[in-house]
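The values are calculated or read from the model by the stated rules, or taken from the named source; none is laboratory data. The structure presented is a predicted model; accordingly, all values stated were derived computationally and were not measured. Every residue, glycine among them, receives a Cβ derived from its backbone with ideal geometry; neighbour counts consider all protein chains shown. Accessible surface areas use protein heavy atoms only, side chains included; no ligands, DNA or RNA. Shrake-Rupley method; radii C 1.70, N 1.55, O 1.52, S 1.80 Å.
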Amino acid sequence: MIYEHWEDPFAVFTITRAASGKAFTFGAETADSYVKLNPNLSRGIDVASVCLRYFSDIPDKDREQTFFSLATRSHSNGFLLCKQGRNRHQMYIGSAMADFWGLPDELNGWNSFCATWESSTGLTQVWVNGKPSSRKSLFKGGSLRGTPVIVLGQDQDAYGGQFSSNDALIGQLTDVHMWDRVISPCEITQFSEKKIVEGGNVINWEALDYTMFGNVIEEGPINKNVRQDCTLPE
């Protein structure tokens, strides 16, 4: 199903369709370029996993790049995935934050980034390109209640807004999935190797409901490992 309609003067359009083989390109450092997702979620979040792929070339250690931002009215950083410079990935749960150091982070190449969290123990872990981080505990016993707002490419400093160009992703995102369970290391390995994985039941890239804002472009993903057809038109 494909549909389009204007929501406000800043929205590009809203669309629902399979995004397989596509990517969102965030080409400039702005405070108004992002993608808003409409998740299949009717209850609070006590356990979650998110996987995605990103492509960027920003090495600045003081520069945050935000990939995935889920906010509730109680927690603007309810479930946030980002990185500071290179090889320093970050995860926020219920506004509690952990740094994950020393994981792969290839510039000008696709990186797979997965994160899991469950409330009863607070255990949190991330994987980048299939390599696991150390386990840490965040927001133990906590729960994310209320209707969430999920945004790609920007950090919500308030519920549904208050964006900053300093947090903007400059690069590409693709294959974004979210589950209401802790996915297994085997599933994460398969995702990192681009093998078939059951899509997320909260957010599924194959049936994405989203709205693009600002200077975001939907296009085929960059892939330097695939030979391009350079045949010139006659």
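Considering only protein heavy atoms and a probe of 1.4 Å, how much of the accessible area of the range 126-178 is carbon and sulfur, as a whole percent?
On the way: 910 of 2030 Å².
Reported share for carbon and sulfur atoms: 45 percent.
Could you tell me what percent of the DSSP beta bridges with both partners in the range 25-205 are antiparallel, to the nearest 5? Can you show the working numbers first?
Values: 54 of 54 bridges.
Counting only bridges with both partners in the range 25-205, antiparallel ones make up about 100 percent.
Name the residues whose placed amide hydrogens come within less than 5 Å of the amide hydrogen of G122, ignoring near sequence neighbours (fewer than 5 apart) on the same chain.
Amide H neighbours of G122: G141.
Placing unit charges on C-beta atoms (Lys and Arg positive, Asp and Glu negative, everything else neutral), compute the dipole magnitude of the range 77-234 about its Cα centre in debye, rounded to 20. Can you show the working numbers first?
Values: 13 positive and 18 negative charges, 151 e Å.
With Lys and Arg at +1 and Asp and Glu at -1, about 720 debye.
So what's the back-of-envelope 222 nm ellipticity for the chain, counting only DSSP H runs of four-plus at -39500 (n - 2.57) apiece and dividing by all residues, rounded to 500?
Working: 1 runs with 8 residues, N = 234.
Result for the chain: -1000 deg cm²/dmol, rounded to the nearest 500.
Eight or more residues apart or on different chains, and alpha-carbon atoms under 21 Å: count the Lys pairs in the chain matching that.
Total qualifying Lys-Lys pairs in the chain comes to 12.
Excluding ligands and nucleic acids, what accessible area in Å² is computed for K22 using a 1.4 Å probe, to the nearest 10?
Rounded to the nearest 10, the figure is 80 Å².
Amide H neighbours of S164 under 5 Å, at least 5 residues apart or on other chains, H built in the peptide plane: list them.
Those lying under 5 Å, H to H, from S164 are D155.
Once you order the gyration tensor axes a ≥ b ≥ c over the Cα atoms, which shape class does the range 63-116 get: rounded for a/c under 1.5, otherwise prolate or oblate by comparing a/b with b/c? Spell out each step's value before the answer.
On the way: a/c = 2.31, a/b = 2.03, b/c = 1.14.
In terms of gyration-tensor shape, prolate.
Obtain the nm distance between the two label points defined at E118 and N166 by a simple spin-label model: each point lies 7 Å from its Cα along the Cα-to-C-beta direction.
It works out to 3.7 nm between the two label points.
With all protein chains present and a 1.4 Å probe, how do R135, R43, R53 order by accessible area, largest first?
On the way: R135 155, R43 135, R53 20 Å².
Accessible-area ranking of R135, R43, R53, largest first: R135, R43, R53.
Taking a 1.4 Å probe, which of F100, F163 shows the most accessible area, and what order do the others take after it? Don't skip to the answer; put the middle values down first.
Numbers: F100 5, F163 45 Å².
Output order, biggest surface exposure first: F163, F100.
May I ask you to evaluate 6.51 cos²θ - 1.76 cosθ + 1.60, the Karplus curve with θ = phi - 60°, for each residue of the range 117-132 and list the ³J(HN,Hα) values in order in whole Hz, giving x for glycine and proline?
The phi angles translate into 7, 9, 5, 4, 10, x, 4, 10, 8, 10, 10, 10, 6, x, 8, x Hz.
Could you state the accessible area per residue of the chain in Å², with a 1.4 Å probe and every protein chain left in place?
On the way: 10970 Å² over 234 residues.
Per-residue value: 47 Å².
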